[in-house]
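We did not get these values from a lab; they are worked out from the coordinates using the rules stated. All figures in this text were calculated on a predicted structure; none of them were measured in a lab. Glycine also receives a Cβ, built like all others from the backbone with ideal geometry; neighbour counts cover every protein chain displayed.
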Amino acid sequence: MKFLRFTPVLLLFAVVLTSCSSVKVASDYDREANFSNYGTYAFFKPGIDKAEISDLDKKRILRAIETEMEKKGFTKSEDPDLLVSIFTKTNENINIYNNTYPYWGYGWGWNPWYWGSGFNTVSSTSEGTLYIDLIDSEGKELVWQGMGTAALAREVNKKQERINEIVSKIMEKYPPGMEK
């Protein structure tokens with residue numbers, strides 16, 4: 001009987017645990033752009049300054065982007081082919097789980113038998129969306145945009161790891177047609 005009472009809690013824990021690890025990604029690009037022409041990059045400071053996140057999180061994101069760009073063979077340059085900009089959005093999700101299940105048993109009071117219906121569980125998660133824009137430096141036109149949405153890490157020592165995961169998943173979509 002006790003197992004049945006804890007089953008919804010275990011199920012909720014499993015759902016929360018697996019939902020935290022997933023990153024939903026998408027990308028879009030200019031079909032006329034020749035991505036083989038791009039080999040160097042620089043960060044687009046005016047765009048990055050507009051991102052409404054802490055300077056520490058900006059640094060974490062930029063470090064992760066640098067790592068991924070290097071993996072793809074790009075080099076940082078004063079005269080870049082691409083400008084990299086970011087944009088962020090954050091949502092607070094409130095989840096209410098109504099864990100209803102019938103149970104009965106022997107209890108105290110006027111009637112030794114009782115009937116119940118479970119309990120509610122409330123949780124909140126911060127979900128962030130990171131947009132990475134790659135802009136052709138010559139024409140100043142957006143040529144590729146990657147987007148990733150995921151639950152954010154609350155613990156400081158896990159933030160860089162989570163940001164690395166999000167950026168890595170987004171950059172898997174670049175260049176177009178080369179996704180894993």
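In straight-distance terms, cross-link reach from LYS159 covers every one of the aspartates and glutamates whose alpha-carbon lies under 14 Å from its own, apart from those fewer than eight places away in the same chain; here that gives ASP55, ASP57, GLU127. For the peptides 163-172, 26-35, the ranking by mean Cβ contacts within 10 Å, running from highest to lowest, is 163-172, 26-35. Size descriptor for region 122-180, Kirkwood hydrodynamic radius: 13.1 Å (Cα pairs only, one decimal).
For SER137, the residues whose amide H sits under 5 Å from its own are LEU82, LEU83, ignoring neighbours fewer than 5 places away on the same chain, with H placed 1.01 Å from N. Computed from phi, the 3J(HN,Hα) profile of region 142-153 under the Karplus parametrisation 6.51, -1.76, 1.60 (θ = phi - 60°) reads 5, 10, 8, 9, x, 9, x, 10, 7, 5, 8, 7 Hz, with x in place of Gly and Pro.
Within region 152-174, find all residues whose amide N lies under 11 Å from a label point positioned 7 Å from the Cα of ARG63 along Cα-to-beta-carbon. Zone members listed by number: 157-164. Here the spin labels are modelled as points 7 Å beyond Cα on the Cα-Cβ line, and at ILE94 and ASN34 they lie 5.5 nm apart.
Evaluating 6.51 cos²θ - 1.76 cosθ + 1.60 at θ = phi - 60° for every residue in region 31-44, the Karplus couplings come out as 5, 8, 6, 9, 5, 6, 7, 9, x, 10, 8, 8, 7, 8 Hz, glycine and proline recorded as x. Each Lys or Arg adds one and each Asp or Glu takes one away; over the other residues whose Cβ falls under 14 Å from the Cβ of THR75, this sums to -3.
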